Each structure stands twice: as C-alpha cells, then as structure tokens.
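Below: the structure, in structure tokens.
The values are calculated or read from the model by the stated rules, or taken from the named source; none is laboratory data. Bear in mind the structure is a predicted one, so any value in this text is a computation, not a measurement. Neighbour counts run over all protein chains shown; Cβ positions are idealised from the backbone, glycine included. We work out accessible area using only protein heavy atoms, side chains counted, and drop any ligands, DNA or RNA first. Shrake-Rupley method; radii C 1.70, N 1.55, O 1.52, S 1.80 Å.
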Amino acid sequence: MSEPAGPPEEAVAVASAVAGTSTTLEVAAANPLRDPRDKRLPRVAGPCVMVLFGVTGDLAKRKLLPAIYDLGNRGLLPPGFSLVGFARRDWKDQDFAKLTHDAVKAHARTPFREEVWNQLREGIHFVPGEFSDDGAFDALAMALREIDELRGTGGNYAFYLSVPPKFFPVVVEQLRRTGLADAPDGSWRRVVIEKPFGHDLKSAHELNEITNSAFPESSIFRIDHYLGKETVQNIMALRFANNLYEPIWNRSFVDHVQITMAEDIGIGGRAGYYDGIGAARDVIQNHLLQLLALVAMEDPTSFDASALRREKEKVLKAVRLPADLSLNTSRGQYAAGWQGGQKVVGYLQEDGISTDSTTETYAAIKLEIANRRWAGVPFYLRTGKRLGRRVTEVAVVFQRAPHLPFSKDDTEILGQNALVVRVQPDEGITVRFGSKVPGTAMEVRDVSMDFAYGESFLESSPEAYERLLLDVMIGDPPLFPHQREVELSWQILDPIEEFWTTQGQPEPYPSGSWGPPASDAMMARDGRVWRRL
Ligand code: NAP
C-alpha cells in the first residue's frame, strides 16, 4: 500500500526513459501552439494502465474516453499506455475499441488523427463482469499482469470508478481482495472516485473508511471536475500571482460574494440519480463550496497538495450558517415553462419522478466566514436547473466608494464595483467599475473591462478531465479534494438539508426563469440583488 509516486518532474523522466527515446516529449514540446518562450518540459505521464469501471456509461463516453485520446494527441501519454474497460456486457476488445473510437469521434476536443488513434487502439482491452463477481476481478488481475509483460506498464495502475455511487464500496473491496490495491515496491496503485462522495457526513465518512482500508489516502483521488477547469485554477493565479487584488480582498473592501452555477437543462435521463439528491447535494456540496474555499482561503505557502488543502480546510472550518435558515436559504423546483423557444415539462412531470417528489432543483444559501479577513461579509451560493442560461461565475462585489463628490443625479445608476470570474462558458474575467459618460456633464456609469481566454492565449483550454486524468497518472494531487474537505463540506450542508426535510414541497419556479421568488426575497432582505446573468 505504499505510494512511491514522486513529483511531476520524476514522472517526466520516467516517461522519456520508457519511451526509449524522447519521442513523447518531442511531440508535446513541438506543439505549434506552445509559446516559444516556454522552456518548461511538458508534464508527461509515466508508463501505466488506466482501468475504467463503468466504461459503457454516460460519463465515460462523453468525457473520459475523449479526454484520454486528447492527452494522446497532445503527446502526453507514454507509448505503452494501456486502457482497460470493465462493464457487464459480454464484449471483446474490439467492441470496446469501437465504443472508444465512436466516443472520441463524437466528443474529443482535438482533431482526429489516425496515427494517434492506432497507438491508443493497441493498448485497449476489455474485461466483462459484474462488480460482485470475484471471477471477473480475478480475470482483471490476470489481464493486468499480461499487459505489464507485453507493454512495459510496470504494475502501475489507476482504477477509475465511473460507476453509480452505490457500487463504490464493492469495487474497492474487490480491488483489496485481489491485491490490486497493493502496489509492489517501485510501482503505484491509485483509485479515482467520482462524485457524489457520500450523501451526508455519515455516509461520506463511511465511504472514506472503506476506501482507506484498501488504499492509503495519498493514493485516493476524489474527482471534482470543477477543479480541473482552467478558470477555476486561475482564481489562484489571479489572487496570488498579482499584487493588484489581494490588498482589497477582504472585509474592508468587499461587500459580498456571489457564487452561481446555473444550468439551462433539466434532469434529462438522470432521474434515478437526481431524485432524492437535489441541487444542493449535487452542486453546492462539491463545486460551489470548493469555489468558495479557493476564493476565501489564505495564500498557501506553496502549491503542493498538503499546503493547498490545509488552507482550504481552514476556511471551510470557519464557514458558519446563518441562525435563521428559513430566511437565509431557499429551494425551488422547476415547473413547466419555455426554454430556448421550446415548451418543457416541470420536474414532477419528468420520466421517473414521482408526482410528490420534494427534491429541490434550485438551491440558494447564505454563508458567513468567521475569520479576520471575512467577518461580516456574506457569501451567497446558488445553483439550479432549467434557469435562464447556462453560466457559472464567481462575483466579488465591492463596497461603494465612501464618498462621491458628484451630484446625486450624475451617479444615480452607478452600481458597485465587481470582479467576476467567468468559469463557463465564455471563460475569462470581467472587472466592472464606474466611468464618466462622454459629454459635458459629470455623469458616471458602470462599464466593464474584459479578459477572455480565447483572445489572450493561442492554446485552447484543455478539458477539465484531461488535466485531472493526467494528474492521476502523474500522481499530482493538489486539484483533488482531501477527505477532510469532503467531510467539512457535508458538515456545512447537513443542517440545511435536515431543515429542508421539515419544509414540505419546494417553491415552484417557471422553467427558463431565474429561480423561486423566495431566493430574490432572501437577497432583498439584505438590501442586495442577485446578479443578472
Ligand atoms: P451510467 O451512465 O449509469 O453508467 C454506469 C456504468 O456502470 C455503466 O458502464 C454500467 O455498465 C456500469 N455498471 C452498472 N452496474 C454495474 C454492475 N453491477 N457491474 C458492472 N458494471 C456495472 O453512469 P454515469 O452517468 O456514467 O456516471 C458514472 C459516475 O460518474 C457516477 O458516480 C456519477 O455520479 C458520476 N458523474 C457523472 C456525471 C455525468 O455527466 N454523467 C457527471 C459527474 C459525475 P453496463 O450497464 O454496460 O454493465
């Protein structure tokens, strides 16, 4: 159960040694989109096998398989890289290869190149079986030994659990039973767990115990794909690589913070997953509280995993719920309405949802952070389905200037300064401030200054899963939440969920709108409004 993974630099060295030549690095370094001034070696994974459980599922087809291909296309996979799929179908290797090929063609970010595909295809294998079937996992162990011999993957395995959460324990137990979780000296074994990581503090704690009984904490990679997004990592660059914002990033200048993840889609075909979970467990517990932690934490001493996680944990520990949850939280459920010019049904009419379901599809909460930097500054978090538009952003809204030496009329429509990190779509940063309107009067109005990723950088942003899969293979954990962060997040959410269970039906809101009236009322009581997105 040891974890000998070294820092990324070592992984680079291993990769080039296994490649026998520097081919992989050359491919990556010769990328014409790289800035020629960038002399750093690309981060390349060492020899390994990625075992994907649940390979026929939605996530694998839309995100994981295309991301693996994209890594190959960028020269970031070692030549011996092998991909093993596991699911219940009675398939041969070629069936899995076809599924992968179709998924890559449909969803890869980078262009399809025959030579990249052929290289990936050579390492594709499929092992059929049920998670409860010991024989299937014994066959998996044997297949991995054969791959090591044939392809020089050195016993290094990453096990990705892209499976319904109820199967996490049984798969982990199978990996323990077969010895696949134990890394022989000089090799590594890692397990990747998809969200949701539990559905409350108790279940998350139990799951952590099960996972820790098979793998050491350093080998457990809990995926919150938001942390793989360039824009989310850029929050750290914005705050800690500049001197412009940090001096005003505190209660003396910030009025409040709004963190929003709005979706325009409904639950689609995911009724079985979503009902009983709801918006707060699905999004606030992980994505939005992680965003809050990055926005509010103190600067870490370095960007290694333990320093970063320590700061995130400290700030999550300092989060406080408001005393009156009825006034400072709101939940809603989408009703029928119009979206994108189409008539859509309400949540209770969706296939697979019972007509008396109390699951919320919209959640908004107000939190405070009890520390010197943030005391008295509210953090408002909201998320919902079937809202007006798909957008995720963090808005830091600043206090008004203490004195305006202009006439009241001239500044009547001047808002508050704001710095907005646009996470998706249209990734970038907007700064809103007041400016004089051209003319003879001293009229001042809001204007925006924009930074857009697409315009400032030649290279398009990798998909979050590309970055995270590469980090797993390299053994680089800063972008993966630690078990304590996960448990602290549940600790914040559990009392709210408990309160909501006593509140009956969530408030309906029309599809295509911006959520239930109670959410606006919550802001209005504080003299604030939600940003219009
Ligand atoms: P899914 O479409 O339901 O796929 C589940 C996969 O698990 C299928 O490949 C299925 O294979 C396999 N499976 C189910 N029961 C099995 C069993 N008893 N034995 C062996 N294989 C079994 O799920 P998903 O949407 O891809 O989600 C996977 C995980 O990612 C979940 O934890 C989910 O919460 C998380 N996630 C998904 C998304 C997303 O956008 N889809 C986003 C974030 C997180 P067969 O039926 O072919 O055997």
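Do any residues in the stretch 162-173 that are aliphatic (A, V, I, L, M) have Cβ atoms under 7 Å from those of residues that are within 6 Å of the ligand (Cβ to nearest atom) and open to solvent by less than 50 Å² (accessible area, probe 1.4 Å), where the two are at least six apart or on different chains, and which pairs are they?
Listed by first residue and then by second, the contacts come to Val163/Gly54; Val170/Phe131; Val171/Phe131; Val171/Val163.
Criterion first (in a helix (DSSP H, G or I), over 20 Å from Glu466 (Cα atoms) and either open to solvent by 20 Å² or more (accessible area, probe 1.4 Å) or not polar (S, T, N, Q) (or both)) does Gly154 satisfy it?
No, not satisfied.
On the basis of being surrounded by fewer than 18 Cβ atoms within 10 Å (Cβ to Cβ), basic (Lys, Arg) and either in a loop (DSSP other than H, G, I, E, B) or within 16 Å of the ligand (Cβ to nearest atom) (or both), does Arg251 make the cut?
In short, yes.
Counting only residues that are under 30 Å from Phe451 (Cα atoms) and touching a strand residue (DSSP E or B) at 6+ places or on another chain (Cβ under 9 Å), give me the strands (runs of 3 or more DSSP E) lying completely in the stretch 329-431 with at least 2 of them.
362-369, 379-384, 391-398, 418-424
Which condition number does Gly186 fail, the rest of (1) within 16 Å of the ligand (Cβ to nearest atom); (2) assigned to a loop (DSSP other than H, G, I, E, B); (3) open to solvent by 30 Å² or more (accessible area, probe 1.4 Å) being met?
(1)
State all residues of the stretch 439-468 that are at pLDDT below 90 and among the aromatic types (Phe, Trp, Tyr); if no residue qualifies, say none.
Tyr453, Phe457
State whether the residues of the stretch 165-179 include one that is more than 13 Å from the ligand (Cβ to nearest atom), more than 30 Å from Leu419 (Cβ to Cβ), modelled with pLDDT under 95 and surrounded by fewer than 18 Cβ atoms within 10 Å (Cβ to Cβ).
no
Can you tell me which residues in the stretch 319-343 are over 22 Å from Asp520 (Cβ atoms) and open to solvent by less than 40 Å² (accessible area, probe 1.4 Å)?
Within the stretch 319-343, just Val319 meets the criteria.
Residue-by-condition table, conditions (1) open to solvent by less than 10 Å² (accessible area, probe 1.4 Å); (2) modelled with pLDDT of 95 or more; (3) hydrophobic (A, V, I, L, M, F, W, C):
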{"site": "Glu368", "(1), (2), (3)": "no, yes, no"}
{"site": "Arg373", "(1), (2), (3)": "no, yes, no"}
{"site": "Phe379", "(1), (2), (3)": "yes, yes, yes"}
{"site": "Arg390", "(1), (2), (3)": "no, yes, no"}
{"site": "Val396", "(1), (2), (3)": "yes, yes, yes"}
{"site": "Pro402", "(1), (2), (3)": "no, no, no"}
{"site": "Thr411", "(1), (2), (3)": "no, no, no"}
{"site": "Gly415", "(1), (2), (3)": "no, no, no"}
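Filter the stretch 78-112 for residues that are among the small types (Gly, Ala, Ser), assigned to a helix (DSSP H, G or I) and within 12 Å of the ligand (Cβ to nearest atom) and give the result.
Ala103
Could you go through the stretch 139-160 and let me know if any residue there is in contact with a helix residue (DSSP H, G or I) (Cβ under 6 Å, 6 or more places away or on another chain), within 13 Å of the ligand (Cβ to nearest atom) and under 30 Å from Tyr274 (Cβ atoms).
Taking every residue of the stretch 139-160 in turn, none turns out to be in contact with a helix residue (DSSP H, G or I) (Cβ under 6 Å, 6 or more places away or on another chain), within 13 Å of the ligand (Cβ to nearest atom) and under 30 Å from Tyr274 (Cβ atoms).
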